[in-house]
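The values are calculated or read from the model by the stated rules, or taken from the named source; none is laboratory data. Source: prediction; values computed, not measured. Neighbour counts run over all protein chains shown; Cβ positions are idealised from the backbone, glycine included. These accessible areas exclude ligands, DNA and RNA; they are computed on the full protein's heavy atoms, side chains included. Shrake-Rupley method; radii C 1.70, N 1.55, O 1.52, S 1.80 Å.
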Amino acid sequence: MKEPISPHLSLGLLLRLVHQHYAQAVDAALEEAGFRDIRPPHSNVFTFARPEGIQVSELTKLAHVRKQTMTQAVEELERLGYVERRPDPNDRRARLVFLTERGEGVRPVAMAAGKMVEQRWSDMAGSGEIEVIRQGLQNLLETLRGGEKGGEHPSDDAGA
């Protein structure tokens, strides 16, 4: 028997718990698709990687994690064959991170799993309710970011 959810949980805790359900579904889909070696910290690389490559320092800023954390994730993914690093043609001191063919295969699986989760949530709560939540969170995020437009935002479904 499940414990009842307290009516007084903080918004932060509610967001975290709902995100855990989402992440677990995506992780299960990745594992089922044969991507058993991907860990949660790796998702920041898949979410923000670009076709033209991206520096680790930029990944760090976009994901709001420490450079050490991002560097470790990129190194692990490179060893596993999901990314490769190449010299940055615009900065001889820097290297760019690119998804390999194997790495490119992760996004469609994660995106499909995310869509399935959202559909299940829409079936449970109603599509209107989910859209109200989505719009409210988007508005809040824009406000928190100072209303920035044209900044870096991952695609709606890019989270792996």
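A single member of Arg79, Arg92 is open to solvent by 90 Å² or more (accessible area, probe 1.4 Å), among the basic types (Lys, Arg) and over 22 Å from Leu30 (Cβ atoms), and it is Arg92.
Among the residues making up the stretch 16-37, those that are assigned to a helix (DSSP H, G or I) and touching a residue at least 60 places away in the same chain (Cβ under 8 Å) are His21, Tyr22, Ala25, Val26, Ala28, Ala29, Leu30. The residues in the stretch 132-160 that are among the acidic types (Asp, Glu) and at pLDDT 95 or above can be counted, and the count is 0. Restricting the first member to the stretch 42-71 and to residues that are open to solvent by 50 Å² or more (accessible area, probe 1.4 Å), and the second to residues that are among the hydroxyl-bearing types (Ser, Thr, Tyr), the beta-carbon pairs closer than 7 Å and six or more apart or on different chains are Lys67/Ser57; Lys67/Thr60. For the structure I just gave you, tell me whether Leu13 is within 20 Å of Gly114 (Cα to Cα), assigned to a helix (DSSP H, G or I), open to solvent by less than 80 Å² (accessible area, probe 1.4 Å) and modelled with pLDDT of 90 or more. The answer is no for Leu13.
Only residues that are at pLDDT 95 or above and under 10 Å from Ala110 (Cα atoms) were counted in the stretch 34-46, giving 1.
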